[in-house]
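**Student:** I am attaching a structure below and will ask some questions about it afterwards.
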Amino acid sequence: MSPSVSADAVAVPRRAGGFGRIGDWGTQVGAIFGLEARKLSHDPSELLLRAVQPALWLVVFGGVFSAVHAIDTGPYTYLQFLTPGVLAQSVLFIAIFYGIASIRERELGIITKFLVSPAPRTILVGGRGLAASLRGLSQALLVVLIATALGVRLNPAPLAIVGVVVVIVLGSALFSTLSMIIASLVKTQERFLGIGQLLTMPLFFASNAIYPLSLMPGWLRPVAYANPLTYLVDALRTLMLPHETGLFPLGVDIAVLVGVTVALVLIESRLYPRMAQ
């Protein structure tokens with residue numbers, strides 16, 4: 001886990017004249033991004049440690065299933081098919097435990113400083129969700145490097161790369177906001193960790209991350225269609241694999257990710273004051 005940042009280290013911009021302009025909101029979000037960047041700079045080894053799990057999925061799981069040809073992945077090798085799924089899994093696993101930082105910040109009084117700032121709660125929550133993408137993007141770079149070293153051919157088009165960055169930011173914001181909702185409801189680190197661990201595996205396996213939806217039993221497919229991770233994986237697969245069309249149009253994937261993220265931000269903006277109690 002990243003080391004905590006003291007309450008005195010948080011510079012919350014104050015009102016200078018009328019508040020409510022886009023520039024003021026941008027300043028608030030920038031302060032939140034700066035806080036997250038400082039956390040990462042204090043312990044960059046955390047990112048390397050988190051790279052172990054996706055490396056094992058690609059090297060061991062991907063290597064075994066590529067050798068046995070047990071899963072039909074169409075024109076792609078299994079490692080190609082798996083790489084976007086492992087990237088989505090990495091984003092999920094990092095973001096779903098992001099809320100534990102909120103619990104620590106409540107204990108340090110940082111949440112109170114955020115709440116007394118003039119920023120709307122939706123900006124605070126949304127900014128924190130977007131700031132979580134710093135971890136997701138750094139993890140994505142590691143996954144792509146590992147996959148490339150294993151000989152996986154990915155789409156090098158600049159627009160595709162930009163699209164991957166946008167989708168990772170959306171996925172990180174979605175699952176980190178879900179994590180903050182859980183933290184607002186349970187408040188203790190022990191209970192939060194238990195619920196986080198309970199959620200990650202069902203979300204991961206009830207998606208198309210490691211196998212096509214066509215292989216799922218009929219009763220599980222509706223769950224997969226309701227699972228936002230399915231749309232994150234599908235968007236990444238469409239952008240990262242050459243000539244891939246995906247299960248859904250890319251616009252549908254992005255619309256689902258944006259819609260769910262906005263809904264979660266609105267929910268957490270109502271719950272966020274609980275974190276200061």
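**Student:** Pull up the range 168-180, narrow it to residues that are under 13 Å from Val260 (Cα atoms) and among the aliphatic types (A, V, I, L, M), then point me to the one that is modelled with the lowest pLDDT.
**Tutor:** Here the answer is Ala173.
**Student:** Filter the range 156-183 down to residues that are of a type in the set (Gly, Ala, Ser) and under 14 Å from Val125 (Cβ atoms) and give me whichever is nearest to the chain's Cα centre (by Cα). Don't jump to the end; show me each part of the working.
**Tutor:** Here is the first cut: in the range 156-183, the residues of a type in the set (Gly, Ala, Ser) are 157, 160, 163, 171-173, 176, 179, 183.
Now narrow it down to the ones that are under 14 Å from Val125 (Cβ atoms): 172-173, 176, 179, 183.
Numbers: Ser172: 2, Ala173: 6, Ser176: 6, Ser179: 10, Ala183: 16 Å.
Restricting to residues being of a type in the set (Gly, Ala, Ser) and under 14 Å from Val125 (Cβ atoms), the top hit is Ser172.
**Student:** Let me ask something else about it. Within the range 206-231, which residues are of a type in the set (S, T, N, Q) and at pLDDT 90 or above?
**Tutor:** Hits for the range 206-231 are Ser207, Asn208, Asn227, Thr230.
**Student:** Mind listing whichever residues of the range 181-219 are exposed (fewer than 14 other Cβ atoms within 10 Å of the Cβ) and among the β-branched types (Val, Ile, Thr)?
**Tutor:** Passing the criteria: only Thr188.
**Student:** In the range 151-175, what residues are surrounded by 16 or more Cβ atoms within 10 Å (Cβ to Cβ) and part of a loop (DSSP other than H, G, I, E, B)?
**Tutor:** Val152, Leu154, Asn155
**Student:** From Ile210, Ile123, Ile161, Ile168, which residue is in contact with a helix residue (DSSP H, G or I) (Cβ under 9 Å, 6 or more places away or on another chain) and more than 25 Å from Phe248 (Cα to Cα)?
**Tutor:** After applying the criteria, what remains is Ile123.
**Student:** Which one of these is within 14 Å of the chain's Cα centre (by Cα), more than 17 Å from Ile267 (Cβ to Cβ) and modelled with pLDDT of 90 or more: Leu134, Leu203?
**Tutor:** One residue alone meets the criteria, Leu203.
**Student:** Taking Leu178 as the residue in question, decide whether it is crowded, with 19+ Cβ neighbours inside 10 Å and either over 19 Å from Ser102 (Cβ atoms) or among the hydroxyl-bearing types (Ser, Thr, Tyr) (or both).
**Tutor:** Taking the combined requirement at face value, the residue does not satisfy it.
**Student:** Going by the conditions given, is Ala55 closer than 12 Å to Ile146 by Cβ, at pLDDT 75 or above and surrounded by 11 or more Cβ atoms within 10 Å (Cβ to Cβ)?
**Tutor:** Criteria met by Ala55.
Condition check ((1) among the hydroxyl-bearing types (Ser, Thr, Tyr); (2) under 17 Å from the mean Cα position of the chain (by Cα)) across all residues:
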position	(1), (2)
Thr245	yes, no
Val256	no, yes
Ala263	no, yes
Leu266	no, no
Ser269	yes, no
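**Student:** So which residues in the range 50-109 are in contact with a helix residue (DSSP H, G or I) (Cβ under 8 Å, 6 or more places away or on another chain), outside any helix (DSSP H, G or I), hydroxyl-bearing (Ser, Thr, Tyr) and farther than 18 Å from Leu130 by Cβ?
**Tutor:** Matches in the range 50-109: Thr73, Thr77.
**Student:** Looking at the range 95-130, which of its residues are surrounded by 24 or more Cβ atoms within 10 Å (Cβ to Cβ), under 30 Å from Ala149 (Cβ atoms) and at pLDDT below 85?
**Tutor:** The one that is surrounded by 24 or more Cβ atoms within 10 Å (Cβ to Cβ), under 30 Å from Ala149 (Cβ atoms) and at pLDDT below 85: Tyr98.
The values are calculated or read from the model by the stated rules, or taken from the named source; none is laboratory data. What you see is a predicted model; the values in this text were computed from it and never measured. Note that we place each Cβ from the backbone using ideal geometry, even for glycine, and neighbour counts take in every protein chain shown.
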